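Peer 1: Could you have a look at this structure, given as structure tokens, before my questions?
Laboratory data are not the source of any read-out in this text; all were calculated from the coordinates shown. Because the structure is predicted, anything quoted here is derived from the model rather than measured. In this analysis, Cβ positions are derived from the backbone assuming ideal geometry, glycine residues included, and neighbour counts consider all displayed protein chains.
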Amino acid sequence: MLTPDLIPALADGAGRMNSRMFVNGVRFFAFPGVRRQLEAEIRAQFAAFARTGLALDHVNVHSISICIQPCWTCCCESAASTELRR
């Protein structure tokens, strides 16, 4: 959702994120700057979905290393704070 210049630690110049999930998980956990970019992207995705007006029935997060606590916490907080139909 966010432009690559806002999340340079997550996306390349074309906006593609890499698929190295283990390495990404370590980076999300160990580096606060990377985690802040991830959190901003997660919030942007929840906000974009909320604008559709559709009901949220689940959140597919397996590709962002949901086993890492910061990701899980951010997803839960974003879901709770976004005006989503349930």
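Peer 1: Those residues that are in contact with a Phe, Trp or Tyr (Cβ under 9 Å, 6 or more places away or on another chain) and hydroxyl-bearing (Ser, Thr, Tyr), I need them from region 14-45; list them, please.
Peer 2: Hits for region 14-45: nothing passes.
Peer 1: Are there any pairs with C-beta distances below 8 angstrom linking a residue in region 13-33 that is farther than 16 Å from Thr73 by Cα to a residue that is among the charged types (D, E, K, R) and surrounded by 10 or more Cβ atoms within 10 Å (Cβ to Cβ), with the two at least 6 apart or on different chains, and if so which?
Peer 2: Hits for this filter: Asn18/Asp12.
Peer 1: Sort out which residues of region 13-46 are aliphatic (A, V, I, L, M) and over 14 Å from the mean Cα position of the chain (by Cα), and write them in order of number.
Peer 2: Result: Ala14, Val23, Val26, Ala30.
Peer 1: For region 39-52, check the following and say yes or no: at least one residue is more than 17 Å from Met1 (Cα to Cα) and small (Gly, Ala, Ser).
Peer 2: no
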